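Student: The structure that follows is given in the form of structure tokens.
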Amino acid sequence: MQPATVEKLAAAIRSGERNAVDTVEAAFARIAEVDGSVGAFLELWRDEATERAADIDRRRDEEQPLGPLAGVPTALKDNMSLAGHELNCGSRILAGYRAPYTAGAVERLVAADAVPVGRVNMDEFAMGSSCENSALATTRNPWNLAMAPGGSSGGSAAAVAAAEVPLALGSDTGGSIRQPAAFCGVVGVKPTYGRVSRYGLVAFASSLDQIGPLARNVRDAALALGAIAGPDPRDSTCSEEPACDFLKPIENGIEGLRVGTIREVTTSALESDAARAFERALETLARCGAELVEVSVPLIETAVATYYVLANSEASANLARFDGSRYGHRAGGARSLAEMYTASRSEGFGPEVKRRIILGTFALSSGYYDAYYGRAARIAGALRQQFTEAFEQAELLVTPTSPGGAFRLGERVDDPLAMYLSDVFTTPTSLAGIPGISVPCGLDSRGLPLGLQILARPFADGAALRAARAFERETGFECRPEPAA
Amino acid sequence: MRRIAELARLRISAREETTFASQLSEIVDYIDQLREFDAGDAALDGSEAASETADNDFPRPADAAGPAGKVGPTLLDQFLDNAPASLDRFLLVPQVKATPGGDE
């Protein structure tokens, strides 16, 4: 039997057919059953979740209206604030830090009556593509426990794939929602930059970071996005565009829509199974009535390099705040402030974070600024322009989400460049600020899921969701990982 | 690299220095491919830099009167609860200048 969807759970709780307390209890039971092997959760908030669920049941009994996510057990990535709860960002440097306030997106989630049940693992400061850079835990891919779940929102994707929760929030800077969604066979949405508030999200690269949902199907992801999207004056990059109902037009199909493939995304960059799956995905889109066209985005091949310069430059500045003075880990025995900064940071940050801070500091340093940061910023602007032109020829664009399915845990940890290159199809979307959805498009010969990435114009998140839904309906993919089932 | 690490207030061990140096040099070589796409490339003419969003009509701080703007005593207290050391609502840190015999 397939686990209940977000939509059906919430509807059943609203109608009184089931109650929120039992639903939350069932989620904790499932977590107890499988999370010992999957390792998605860092902490469970059992008491608070049960109280929140009891309140939802009470309000239902009093015939008060309930929100669209009524009673839905939801996992939060370890970089989103929930007041009073610890938040580590997968790092030792934030050990013991308790969020003094709740993130904007989490506030909206809770206002929609979802029930946060715990925080899930991630690569330290969201820097990674396998979740292996977490200083706190190892998360495994529910489809094959020897494989990486992807990253950095690997805990979010694994928790949803293993049916521990029907919904999780992740964050995506260069593919951190979409790539783990693809690896774990779930749907992951990186909304348009500015669509969802980042207030209360620990910043990695502020010009790119975006929060989005991971769910087992497109309708659930659309429902969740509608709940968390919308203006927030506390995040100055958050659009004033009001939230909309992404679910209403979602079954309208893509008959007659022009769907573009990108000439520069060649199948030679793909593992053979992924290339075949992508070809089949295009045939499926054509069967859905899409008109396939080819567009050109020549600078797409520069995206990984451009992204790693810009994101790490921003990270080197954003992470300067972690110095042991205000929160988190403080090294003992320092005789001066400068010594305390250096010792706290050196003890608190893991190797990938150090590598990226060094790279970002280099790209911003005097004498190198223009050759690295300046050049990357110019190229990102031009890439964005090329996407704008491509969207004049097609309403939507499609690429594979990743060059292949999940890789083995440990396979790429000593080769950061190889790890970075798994983001080759997701970083261009981030640089362009456009929405990108990963929807499962089948299994590779090892039985591991592959993802199709659907891109749309800024704020056309709804169009991308509609296409993803049409594609999902046609493929009938079911997320049934055996090891965790 | 040692100098860059110092600027970033990171101390790296000799072993980290060796590993990072080869990894970062490979990454910087990869990034250097961007050279051929810049400098006079027609594709970049008239394009806007990544700071484009700064021109958008985002709310000014005065409009942003959300809870973040109101740092009341409660939020400050919660903030100080996270501090490794504090005294009378001030953060406590080692002295700025090293004590005699210190290595800074």
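The values are calculated or read from the model by the stated rules, or taken from the named source; none is laboratory data. Because the structure is a prediction, the values reported are computed rather than measured. In this analysis, Cβ positions are derived from the backbone assuming ideal geometry, glycine residues included, and neighbour counts consider all displayed protein chains. For accessibility, only protein heavy atoms count, side chains too; no ligands or nucleic acids. Shrake-Rupley method; radii C 1.70, N 1.55, O 1.52, S 1.80 Å.
Student: Which of the residues spanning region A:434-450 are surrounded by 24 or more Cβ atoms within 10 Å (Cβ to Cβ) and either modelled with pLDDT under 95 or assigned to a strand (DSSP E or B) (or both)?
Tutor: First, the residues of region A:434-450 that are surrounded by 24 or more Cβ atoms within 10 Å (Cβ to Cβ): A:434-441, A:449-450.
Those that are surrounded by 24 or more Cβ atoms within 10 Å (Cβ to Cβ) and either modelled with pLDDT under 95 or assigned to a strand (DSSP E or B) (or both): A:436, A:437, A:438, A:439, A:440, A:441, A:449, A:450.
Student: Would you say residue A:367 is more than 19 Å from residue A:424 (Cα to Cα), open to solvent by 10 Å² or more (accessible area, probe 1.4 Å) and free of Cβ contacts under 8 Å to residues at least 40 places away in the same chain?
Tutor: Details: more than 19 Å from residue A:424 (Cα to Cα): yes; open to solvent by 10 Å² or more (accessible area, probe 1.4 Å): yes; free of Cβ contacts under 8 Å to residues at least 40 places away in the same chain: yes.
Criteria met by residue A:367.
Student: Now a separate question. Would you check which residues across region A:185-199 are over 19 Å from residue A:427 (Cα atoms) and open to solvent by less than 10 Å² (accessible area, probe 1.4 Å) and list them?
Tutor: Correct list: A:185, A:186, A:197.
Student: Shifting gears a bit: Within region A:287-312, how many residues are more than 22 Å from the chain's Cα centre (by Cα) and either of a type in the set (A, V, I, L, M, F, W, C) or buried (at least 20 other Cβ atoms within 10 Å of the Cβ) (or both)?
Tutor: First, pick out the residues of region A:287-312 that are more than 22 Å from the chain's Cα centre (by Cα): A:287-299, A:301-302.
From what is left, the residues that are either of a type in the set (A, V, I, L, M, F, W, C) or buried (at least 20 other Cβ atoms within 10 Å of the Cβ) (or both) are A:288, A:290, A:292-293, A:295, A:297, A:299, A:302.
Residues meeting the conditions: 8.
Student: Let me ask something else about it. Examine region A:239-261 for a residue that is within 14 Å of chain B (Cβ to nearest Cβ) and either crowded, with 17+ Cβ neighbours inside 10 Å or under 20 Å from residue A:286 (Cα atoms) (or both), and state whether such a residue exists. Even if it seems obvious, please write down each step before you answer.
Tutor: Residues of region A:239-261 within 14 Å of chain B (Cβ to nearest Cβ): A:239-241.
If we keep only those that are either crowded, with 17+ Cβ neighbours inside 10 Å or under 20 Å from residue A:286 (Cα atoms) (or both) too, we end up with A:239.
So far as region A:239-261 goes, yes, one or more of its residues are within 14 Å of chain B (Cβ to nearest Cβ) and either crowded, with 17+ Cβ neighbours inside 10 Å or under 20 Å from residue A:286 (Cα atoms) (or both).
Student: Looking at (1) surrounded by 24 or more Cβ atoms within 10 Å (Cβ to Cβ); (2) farther than 25 Å from residue A:133 by Cα, can you tell me which one residue A:209 breaks?
Tutor: Exception for residue A:209: condition (2).
Student: Let me ask something else. Given the criteria open to solvent by less than 10 Å² (accessible area, probe 1.4 Å), closer than 25 Å to residue A:311 by Cβ and of a type outside the set (D, E, K, R), does residue A:177 qualify? Give the steps one after another, and end with the answer.
Tutor: Details: open to solvent by less than 10 Å² (accessible area, probe 1.4 Å): yes; closer than 25 Å to residue A:311 by Cβ: yes; of a type outside the set (D, E, K, R): yes.
Yes; evaluated as a whole, the condition is true for this residue.
Student: Tell me, yes or no, whether region A:411-423 has at least one residue that is open to solvent by less than 20 Å² (accessible area, probe 1.4 Å), out of contact with any strand residue (DSSP E or B) (no Cβ under 8 Å at 6 or more places or on another chain) and among the hydroxyl-bearing types (Ser, Thr, Tyr).
Tutor: Checking region A:411-423: at least one residue is open to solvent by less than 20 Å² (accessible area, probe 1.4 Å), out of contact with any strand residue (DSSP E or B) (no Cβ under 8 Å at 6 or more places or on another chain) and among the hydroxyl-bearing types (Ser, Thr, Tyr).
Student: Okay, next question. Here's a check for you: in region A:398-433, which residue that is assigned to a loop (DSSP other than H, G, I, E, B), within 17 Å of the chain's Cα centre (by Cα) and within 13 Å of chain B (Cβ to nearest Cβ) is nearest to residue A:284 (Cα to Cα)?
Tutor: Residues of region A:398-433 that are assigned to a loop (DSSP other than H, G, I, E, B), as a first pass: A:401-407, A:409-415, A:424-426, A:433.
Those still in the list that are within 17 Å of the chain's Cα centre (by Cα) too: A:401-402, A:405-406, A:424-426, A:433.
With within 13 Å of chain B (Cβ to nearest Cβ) added as a condition, the list becomes A:424, A:433.
Numbers: A:424: 23, A:433: 27 Å.
Of everything passing the filter in region A:398-433, A:424 is nearest to residue A:284 (Cα to Cα).
Student: Inspect region A:264-278 for any residue being within 14 Å of another protein chain (Cβ to nearest Cβ) and open to solvent by 20 Å² or more (accessible area, probe 1.4 Å) and give the result as yes or no. Break it down stepwise before answering.
Tutor: Going through region A:264-278, the residues within 14 Å of another protein chain (Cβ to nearest Cβ) turn out to be A:264.
Those left that are additionally open to solvent by 20 Å² or more (accessible area, probe 1.4 Å): A:264.
Taking every residue of region A:264-278 in turn, at least one turns out to be within 14 Å of another protein chain (Cβ to nearest Cβ) and open to solvent by 20 Å² or more (accessible area, probe 1.4 Å).
Student: So which of A:345, A:378 ends up being at the interface with chain B (Cβ under 8 Å from one of its Cβ atoms) and open to solvent by 30 Å² or more (accessible area, probe 1.4 Å)?
Tutor: Answer to the check: A:378.
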